[in-house]
Amino acid sequence: MVFDALLWYNANKGGDTMIPYEVIEAKEILHEGFAELLADVSRIKDRVGLDPQDAVHPVSGFQSELRTILHRILGDRYNTPEDIAELKQEFVRARAYVRELETEDAGELQRKGA
């Protein structure tokens with residue numbers, strides 16, 4: 001007998017819990033996107049000399065928010081097309097903020113003559 005995780009989940013949680021393929025695919029793509037943004041923020045913190053363990057600086061707070069979203073994506077928080085639309089909006093806002101940080105970082109490096 002082959003173990004069917006979806007069948008087990010439906011039997012134990014009740015109801016139809018099928019997640020549309022498009023939602024699963026979008027979750028995976030957005031997970032990769034948020035992971036990339038998180039890596040970008042880590043590089044920015046490194047370039048500007050922020051301690052990786054800093055929890056006070058606003059960029060560190062933003063990094064923490066990204067990490068929280070990243071961990072929630074593959075959980076059961078985003079399972080509908082509406083959830084994905086909300087997540088996409090969060091991604092667009094986060095990406096814009098990271099680009100702003102990169103622009104500020106590049107300007108700072110130019111001012112320092114690096």
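The values are calculated or read from the model by the stated rules, or taken from the named source; none is laboratory data. Remember, it's a predicted structure, so these values are computed and weren't measured experimentally. Please note: Cβ atoms are built from the backbone with ideal geometry, for glycine as well, and neighbour counts cover all protein chains shown.
Every residue, every condition in (1) part of a helix (DSSP H, G or I); (2) surrounded by fewer than 12 Cβ atoms within 10 Å (Cβ to Cβ); (3) modelled with pLDDT under 95, yes or no:
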position: 31; (1), (2), (3): yes, no, no
position: 47; (1), (2), (3): yes, no, yes
position: 54; (1), (2), (3): no, no, yes
position: 78; (1), (2), (3): no, no, yes
position: 84; (1), (2), (3): yes, no, no
position: 96; (1), (2), (3): yes, yes, no
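Selection of the range 57-82 for residues being polar (S, T, N, Q) and over 19 Å from residue 42 (Cα atoms) yields 79, 80.
Could you tell me whether the range 33-44 includes any residue that is over 29 Å from residue 86 (Cα atoms), surrounded by fewer than 17 Cβ atoms within 10 Å (Cβ to Cβ) and modelled with pLDDT of 90 or more? Within the range 33-44, none of the residues are over 29 Å from residue 86 (Cα atoms), surrounded by fewer than 17 Cβ atoms within 10 Å (Cβ to Cβ) and modelled with pLDDT of 90 or more. Of all the residues in the range 66-76, those that are surrounded by fewer than 12 Cβ atoms within 10 Å (Cβ to Cβ) and either over 16 Å from residue 28 (Cβ atoms) or among the polar types (S, T, N, Q) (or both) number 1.
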